[in-house]
Number of protein chains: 2
Amino acid sequence: MCGQRRPFYQKYSMDKLLIIKIGGNIIDDEAKLSSFLKDFASINEKKILVHGGGKLATSLAEKLGVEQKLVDGRRITDRETLKIVTMVYAGYINKNIVARLQSYDCNAIGLCGADGDAILAHKRNHPVIDYGFVGDIDAINTNLLKSLLDQNISIVFASLTHDQKGQLLNTNADTIAQEVAKALSLLYDVQLIYSFEKAGVLLDANDDSTVIPTINPSRYEQLKSKQKIFAGMIPKLDNAFAAINYGVKKVTIGKAEELEKLINGEAGTNILNE
Amino acid sequence: MCGQRRPFYQKYSMDKLLIIKIGGNIIDDEAKLSSFLKDFASINEKKILVHGGGKLATSLAEKLGVEQKLVDGRRITDRETLKIVTMVYAGYINKNIVARLQSYDCNAIGLCGADGDAILAHKRNHPVIDYGFVGDIDAINTNLLKSLLDQNISIVFASLTHDQKGQLLNTNADTIAQEVAKALSLLYDVQLIYSFEKAGVLLDANDDSTVIPTINPSRYEQLKSKQKIFAGMIPKLDNAFAAINYGVKKVTIGKAEELEKLINGEAGTNILNE
């Protein structure tokens with residue numbers, strides 16, 4: 001699909017669309033979540049929020065005696081874990097976020113990828129590790145999303161997809177945000193924001209004052225070659241550049257508490273095409 | 001709102017819409033649920049499914065040590081119980097139903113009343129009993145529902161509403177089905193079906209062969225005066241007549257396994273206006 005980023009039916013002036021991934025640490029912090037949702041609700045542009053879970057799923061699993069399996073540090077989604085994340089992500093967290101947004105005069109609708117066939121995926125087929133009920137995304141139903149956005153309804157995605165064969169699949173929320181952003185970049189001027197507890201891409205992972213304001217491909221190569229970017233950030237940045245190269249207009253990484261500044265380019269790290 | 005059932009902008013030929021409430025006993029029975037969802041998926045008309053939970057919420061509450069409080073035989077929804085029903089109804093049950101319908105080529109979307117402001121309610125204000133987080137319905141967002149139905153998307157409602165102040169509310173699924181049916185009777189020819197484990201309204205509650213095929217208001221009075229209708233059915237029938245009087249075209253009560261026959265008038269009890 002690369003290279004198809006601007007089909008011939010492109011409108012030259014497209015509506016802006018914000019796609020915002022919210023990190024688990026924010027979901028776990030009642031005051032931060034509340035403040036974030038107020039900021040989100042006050043955005044005038046069309047918008048989509050993507051969330052996973054925080055510690056809630058882990059603590060429910062503990063209470064129910066469902067052991068969390070890790071293989072090479074990666075979480076395995078067995079049937080009982082899938083049940084728990086479906087309850088917590090698509091039920092408790094998703095519906096409470098939606099109800100709160102309604103109270104802040106933001107008409108929102110909570111979806112998982114099965115709803116309206118929004119996000120089609122397949123069960124991950126890994127040569128070595130069986131991740132269990134984990135999905136890799138195949139397609140986004142842009143018609144449905146556009147129809148909701150055009151009714152001024154904001155979409156709140158819980159990080160679950162489906163395989164069209166009746167199976168729900170646990171799916172990385174960063175990846176959902178990225179794939180939805182790429183698909184909708186054909187219809188909107190998309191800014192994708194990864195919001196979390198840090199101020200952006202940092203030169204020193206423990207010092208928020210070392211945030212790098214902009215990174216373009218050549219600067220990225222430079223930073224990587226000088227080992228100035230800490231390892232955990234590299235997959236995030238690779239994804240960000242993939243989105244930018246596909247047609248997403250701007251990708252911003254930064255602190256959830258500074259949402260307005262992230263949108264306006266006054267905070268966080270902006271990933272640029274050139 | 002009574003008396004407003006046919007506004008001046010009525011279309012004389014309206015599309016048919018089926019609104020089907022599914023009973024908890026069916027949800028608890030894997031084989032019956034599967035068969036029911038296949039039948040539901042094969043309906044060609046526009047359609048809405050309404051469900052609550054079955055025993056799943058009760059068993060999760062037991063596992064988590066959340067005591068179920070009853071006052072005068074009525075269940076009280078305290079904060080912990082609300083959390084459980086939100087997880088089970090809007091999460092686990094709703095998303096699994098939607099994923100299965102997708103596998104049967106039925107494009108469905110799962111909503112609770114907070115989603116898209118679909119069902120607005122207020123916390124029940126009872127002079128004697130504090131029911132906790134239980135909602136009584138104030139308004140249905142027919143624009144949203146029509147927009148989805150007109151895209152050939154079937155709607156699956158979990159029995160939760162919201163109060164526009166950020167609070168989710170546990171709400172009787174029979175009542176949701178009835179209120180959605182009434183509101184949409186302005187836009188569609190609505191048949192409301194209460195499907196459960198019995199064959200319809202029975203003269204003998206334990207004998208499916210005693211189903212009463214049709215009940216109109218005069219027959220209903222007759223049956224009640226002769227005490228031929230068992231007590232538990234009276235609120236259901238009162239609701240059914242309220243829906244019919246408002247403008248719902250047909251209300252049918254019957255066995256979930258006979259969905260096609262219920263739709264065609266070949267099984268169950270049909271509640272008629274005259």
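The values are calculated or read from the model by the stated rules, or taken from the named source; none is laboratory data. Bear in mind that the values here come from a model prediction, so they are computed numbers and not experimental data. Neighbour counts run over all protein chains shown; Cβ positions are idealised from the backbone, glycine included.
Of the residues making up the stretch A:80-100, those that are facing another protein chain (nearest Cβ under 8 Å), touching a residue at least 60 places away in the same chain (Cβ under 8 Å) and not basic (Lys, Arg) are A:THR86, A:TYR89, A:ALA90, A:ASN94. Of the residues making up the stretch A:50-84, those that are assigned to a helix (DSSP H, G or I) and closer than 19 Å to A:LYS123 by Cβ are A:ARG79, A:GLU80, A:THR81, A:LEU82, A:LYS83, A:ILE84.
Before we move on, is A:ALA31 outside any strand (DSSP E or B), in contact with a helix residue (DSSP H, G or I) (Cβ under 9 Å, 6 or more places away or on another chain) and small (Gly, Ala, Ser)?
Details: outside any strand (DSSP E or B): yes; in contact with a helix residue (DSSP H, G or I) (Cβ under 9 Å, 6 or more places away or on another chain): no; small (Gly, Ala, Ser): yes.
No; evaluated as a whole, the condition is false for this residue.
Selection within the stretch B:12-44: residues that are in contact (Cβ under 8 Å) with a residue 40 or more places away in the chain and of a type in the set (D, E, K, R). The member of this set that is nearest to the other protein chains (Cβ to nearest Cβ) is B:LYS38.
Taking the conditions exactly as written (crowded, with 20+ Cβ neighbours inside 10 Å and more than 18 Å from the chain's Cα centre (by Cα)), does A:GLN178 satisfy them or not? Taking the combined requirement at face value, the residue does not satisfy it. Checked against the criterion of being closer than 21 Å to A:PHE40 by Cβ and in contact with an Asp or Glu (Cβ under 6 Å, 6 or more places away or on another chain), the candidates A:ILE153, A:ILE137, A:ILE109, A:ILE93 yield just one match: A:ILE109. Can you say whether A:THR77 is closer than 25 Å to A:TYR131 by Cα, hydroxyl-bearing (Ser, Thr, Tyr) and away from chain B (no Cβ under 11 Å), as far as the supplied structure shows? Yes. Among residues of the stretch A:216-240 that are within 18 Å of A:ASP204 (Cβ to Cβ), those with a beta-carbon under 6 Å from a residue that is part of a helix (DSSP H, G or I) at least six positions away or on a different chain give the pairs A:ILE229/A:LEU223.
Okay, residues lined up against (1) at pLDDT 90 or above; (2) surrounded by 20 or more Cβ atoms within 10 Å (Cβ to Cβ):
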{"residue": "A:SER195", "(1), (2)": "yes, yes"}
{"residue": "A:VAL201", "(1), (2)": "yes, yes"}
{"residue": "A:ASP204", "(1), (2)": "no, no"}
{"residue": "A:PRO213", "(1), (2)": "yes, no"}
{"residue": "A:ARG219", "(1), (2)": "yes, no"}
{"residue": "A:GLN227", "(1), (2)": "no, no"}
{"residue": "A:GLY247", "(1), (2)": "yes, yes"}
{"residue": "A:VAL251", "(1), (2)": "yes, yes"}
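Only one of the numbered conditions (1) without any contact (Cβ under 8 Å) to a residue 24 or more places away in the chain; (2) closer than 26 Å to B:ALA158 by Cα is violated by A:ASP138, and that is (2).
For the stretch A:178-210, residues that are aliphatic (A, V, I, L, M) and over 16 Å from A:MET233 (Cβ atoms) total 7.
Checked against (1) hydrophobic (A, V, I, L, M, F, W, C); (2) within 18 Å of the chain's Cα centre (by Cα); (3) surrounded by fewer than 18 Cβ atoms within 10 Å (Cβ to Cβ), A:VAL66 passes all but condition (2). For A:GLY166, the criteria (1) buried (at least 19 other Cβ atoms within 10 Å of the Cβ); (2) closer than 16 Å to A:ALA121 by Cβ; (3) more than 20 Å from the chain's Cα centre (by Cα) hold in every case but one, which is (1).
Every condition in (1) modelled with pLDDT of 95 or more; (2) polar (S, T, N, Q); (3) under 21 Å from A:VAL85 (Cα atoms) is met by A:ASN172 except one, and the failing one is (1).
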